[in-house]
Amino acid sequence: MKKRLTVIGGGLAGSEAAWQAAERGASVVLYEMRPRNPTPVHKTDLCAELVCSNSLGNNRELSAPFLLKEELRKLGSLVIRAADKHSVPAGAALAVDRNRFAGEITQALLDHPNIALVREEVREIPAEGPVIVATGPLTSPALADGISTLIGQNYLYFYDALSPIIDAGTIDFEKTFFASRYNKGDDDYLNCHLNEKQYREFVKELREAEKVPLKPFEKPVYFEGCMPIEELAMRGEMTLAFGPLKPVGLEHPETGEKFFAVAQLRRENREGTAYNLVGFQTKLTYPEQKRVLRTIPGLENAEFFRYGAIHRNTYINAPGLLTPELNLKTRPDVYFAGQIIGVEGYVESCAMGLLAGLSVVNRLKGELFVPPPPETALGALLNYATQKRKTEYQPMNINFGLFPAIDARVRNKKLRNETIFRRALATLSAWRERNL
Ligand SMILES: Cc1cc2nc3c(=O)[nH]c(=O)nc-3n(C[C@H](O)[C@H](O)[C@H](O)COP(=O)(O)OP(=O)(O)OC[C@H]3O[C@@H](n4cnc5c(N)ncnc54)[C@H](O)[C@@H]3O)c2cc1C
């Protein structure tokens, strides 16, 4: 291969993308702006620095996060190899010695004969591709402007306001009803109704619950119309009843009963295996979300595929912009990878870096890239990030709710997940045999 590849950003995604492409013979120039241009959170000049927790998430066999890591292992991921090598005891999680982990990845990139690591900020998208943009949640402002110019201002977001996603198999449907407000729509919403006592109790618990403190650079997000539910609860006891829990236009379809407050859930996927709690973005800690949200009737035993959150972030509306090859529909030589495409988390970002690296190599060889099928964790995440949807695009971590459903008769959650898990590994193996 003669043509060279530019990768912008030496984080989890950019490091993995550069490595995968270089391993397959591409000549890669990897731009990392640190240490000359620091971000508000990175502390070192190392590539693939973990900015916060040193945990790469659940490593328990048969879990969705483990499955994603396992698939990455099977495809020769540099990041997961370094994580396994520098892991530290952390119960069911894969946690690492952060300096050794990032040091190992940086050295591997520096030693690779096909990679040149350039310590420079890229301020605009290069005119000549192929290029992979992997600049993460804290993309430098100059480049963010460049991206915005390229894709259109309305497609670039600067914060996440994530509402929790619940495993449908753990909702008590007997206590809820399907209906759309004022009967507009096809009973698209699942409604959890509260009487006055339950509502006031819920508000009290929300107000008193433990919150994750905001970092100074995250403060402005609240001005963007993504107020956390607990902040709304602090404004007044009835604020939520006029906001995300408003009951107007909703009555029980069989009894005609009206309610003091209603929390609405919307299907997160076609199969209806996951539901999103609409408007419930929150800064409550995860254990507190579980405790407080379980006080809502119907959600007493809810298990969460994703918890709510609010972060400073930079991400594009990938489903409208990217093809499943991770390149722009309007400029096919520009690829995006990592958190900037709306995946959430270290391993998810690395996963999209790996796919972008493979995809570009195929382009350089003049071959078509066949993405991994949605039955795999890599394919499920890619599908989420690139498939058009009617609802607003929100960043996502890997979870079993993203996979195509299996036989509905399998009611046992453990068995269901185990079936998805085994199907994923078998599908990945077949895909790798055929395509790599
Ligand atoms: C405060 C904070 C805390 C987080 N905590 C966690 C956590 O605990 N667990 C978790 O899984 N995820 C966490 N995340 C999300 C985390 O950032 C991502 O999971 C992961 O780092 C994303 O990988 P990435 O490669 O897409 O971006 P990054 O790892 O951020 O890498 C992007 C790289 O691009 C560089 N860069 C940016 N702009 C330019 C430019 N113009 N030119 C050249 N280089 C550039 C940056 O310096 C950086 O090295 C957190 C994010 C933030 C902001």
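The values are calculated or read from the model by the stated rules, or taken from the named source; none is laboratory data. Keep in mind it's a predicted model, so treat the numbers as computed, not measured. Reconstructed Cβ throughout: ideal geometry from the backbone, glycine too, with neighbour counts over all protein chains shown.
Computed quantities for the displayed model
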quantity	calculated
Residue identified as without any contact (Cβ under 8 Å) to a residue 40 or more places away in the chain, buried (at least 24 other Cβ atoms within 10 Å of the Cβ) and among the hydroxyl-bearing types (Ser, Thr, Tyr) among SER359, SER349	SER359
Residue within segment 138-148 that is crowded, with 20+ Cβ neighbours inside 10 Å, of a type in the set (A, V, I, L, M), within 10 Å of the ligand (Cβ to nearest atom) and part of a loop (DSSP other than H, G, I, E, B) present	yes
Number of the exception - GLU32 against (1) modelled with pLDDT of 95 or more; (2) more than 8 Å from the ligand (Cβ to nearest atom)	(2)
Segment 278-292 residues that are more than 19 Å from LEU190 (Cβ to Cβ) and among the polar types (S, T, N, Q), paired with ones that are surrounded by fewer than 16 Cβ atoms within 10 Å (Cβ to Cβ) and at pLDDT 95 or above (beta carbon under 7 Å, 6 or more apart)	THR285/GLU210
Failed item, numbered, when LEU12 is tested on (1) under 30 Å from ARG423 (Cβ atoms); (2) touching a strand residue (DSSP E or B) at 6+ places or on another chain (Cβ under 7 Å); (3) near the ligand (Cβ under 8 Å from one of its atoms)	(2)
Residues within segment 327-357 that are more than 16 Å from the ligand (Cβ to nearest atom) and touching a Leu at 6+ places or on another chain (Cβ under 9 Å), tallied	4
Residue tally, condition surrounded by fewer than 15 Cβ atoms within 10 Å (Cβ to Cβ) and in contact (Cβ under 8 Å) with a residue 40 or more places away in the chain, over segment 241-256	5
GLY243 under 20 Å from the mean Cα position of the chain (by Cα) and of a type in the set (Gly, Ala, Ser)	no
Search result, residues across segment 166-209 that are surrounded by 13 or more Cβ atoms within 10 Å (Cβ to Cβ), modelled with pLDDT of 95 or more and assigned to a loop (DSSP other than H, G, I, E, B)	ILE171, ASP172, ALA209
Residue count, segment 66-86 (criterion: surrounded by fewer than 18 Cβ atoms within 10 Å (Cβ to Cβ) and without any contact (Cβ under 8 Å) to a residue 60 or more places away in the chain)	5
Pick from segment 224-268, criterion assigned to a helix (DSSP H, G or I) and among the small types (Gly, Ala, Ser), ranking: nearest to ASN191 (Cα to Cα)	ALA241
Evaluation of ILE105 against (1) out of contact with any Leu (no Cβ under 7 Å at 6 or more places or on another chain); (2) surrounded by 18 or more Cβ atoms within 10 Å (Cβ to Cβ); (3) not in a strand (DSSP E or B) (one fails), failing number	(1)
Top-ranked residue in segment 112-125 [being under 27 Å from the mean Cα position of the chain (by Cα) and not charged (D, E, K, R); ranked as nearest to the ligand (Cβ to nearest atom)]	VAL122
Condition met for LYS43 (surrounded by fewer than 15 Cβ atoms within 10 Å (Cβ to Cβ), touching an Asp or Glu at 6+ places or on another chain (Cβ under 8 Å) and at pLDDT below 95)	yes
Search result, residues across segment 324-362 that are closer than 23 Å to ASN59 by Cα, assigned to a loop (DSSP other than H, G, I, E, B) and charged (D, E, K, R)	GLU344
Test result for LEU75, within 14 Å of the ligand (Cβ to nearest atom) and of a type in the set (A, V, I, L, M, F, W, C)	no
Selected residue (only one of ARG24, ARG36, ARG73, ARG81 is charged (D, E, K, R) and under 19 Å from VAL118 (Cβ atoms))	ARG36
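For every residue, the table says whether it meets (1) more than 29 Å from SER140 (Cβ to Cβ); (2) modelled with pLDDT of 95 or more; (3) outside any helix (DSSP H, G or I).
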{"site": "VAL370", "(1), (2), (3)": "yes, yes, yes"}
{"site": "ALA385", "(1), (2), (3)": "no, yes, no"}
{"site": "TYR393", "(1), (2), (3)": "no, no, yes"}
{"site": "PRO404", "(1), (2), (3)": "yes, no, yes"}
{"site": "TRP431", "(1), (2), (3)": "yes, yes, no"}
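Quick grid of which residues meet (1) closer than 23 Å to ALA302 by Cβ; (2) among the hydrophobic types (A, V, I, L, M, F, W, C):
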site: ILE341; (1), (2): no, yes
site: LEU354; (1), (2): no, yes
site: PRO372; (1), (2): no, no
site: LYS388; (1), (2): no, no
site: LEU415; (1), (2): yes, yes
